[in-house]
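This report refers to the structure that appears directly beneath it.
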Amino acid sequence: MLRLLALVTVTTSWTPARVAPQPPRAAVRLQAAPPHPSLGSLTLVGAGPGDPELLTVAALRAIADSEALVICDRLVSPEIRELVRGELRVAGKLPGCAEKAQQQIYDWCREGLTEGRRVVRLKIGDPFVFGRGGEEVLELRERLGVEARVVPGVSACLAAP
């Protein structure tokens, strides 16, 4: 027991001679720009693995809003797209033109938000698992000062029968 305590004391107080002390790092904070008073709202919604039975109740409410502009890409299943009651825009994300389609999605979001609409960005699965959910939230926060409400989707790895 005494040996262990002595080892802990030596280990915790030891400092390598070659490592210079580092200056303290400044705190990095992401802050949203103040929201524009006439901007609409943005909801980032996970569509789950493609089966409408696996949508969350919050996701179904968001896409069933007849006043909403719903923006998705071709990866969202046709069965889920059929549940959309508002305006639906589908970006053609094809191999080799993903960046162009992503820019189109940003433009559509920006257009809907500046018109004061409720914009629903519908993404396959969970928007933050193999998706660009974080990237999209940051882009719209930094460019427009809009803070997205996030409705997570069921990830396919958790939706096994």
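The values are calculated or read from the model by the stated rules, or taken from the named source; none is laboratory data. It should be emphasised that the depicted structure is a prediction, and the values quoted were computed from it without experimental measurement. A quick note on method: Cβ atoms are made from the backbone with ideal geometry, for glycine too, and the neighbour counts reach across all protein chains shown. Please note that ligands, DNA and RNA were not included when accessible areas were found on the heavy atoms of the full protein model with its side chains. Shrake-Rupley method; radii C 1.70, N 1.55, O 1.52, S 1.80 Å.
Got a sec? Which of Glu67, Glu79 is touching a residue at least 40 places away in the same chain (Cβ under 8 Å) and at negative phi?
Sole residue among the options that is touching a residue at least 40 places away in the same chain (Cβ under 8 Å) and at negative phi: Glu67.
Where in the stretch 59-161 are there strands (runs of 3 or more DSSP E), lying fully within it, with 3 or more residues that are open to solvent by 20 Å² or more (accessible area, probe 1.4 Å) and at pLDDT 95 or above?
It comes to 87-91.
Would a scan of the stretch 28-38 turn up a residue that is surrounded by 10 or more Cβ atoms within 10 Å (Cβ to Cβ), touching a helix residue (DSSP H, G or I) at 6+ places or on another chain (Cβ under 9 Å) and modelled with pLDDT of 90 or more?
The answer is no, given that none of the residues of the stretch 28-38 is surrounded by 10 or more Cβ atoms within 10 Å (Cβ to Cβ), touching a helix residue (DSSP H, G or I) at 6+ places or on another chain (Cβ under 9 Å) and modelled with pLDDT of 90 or more.
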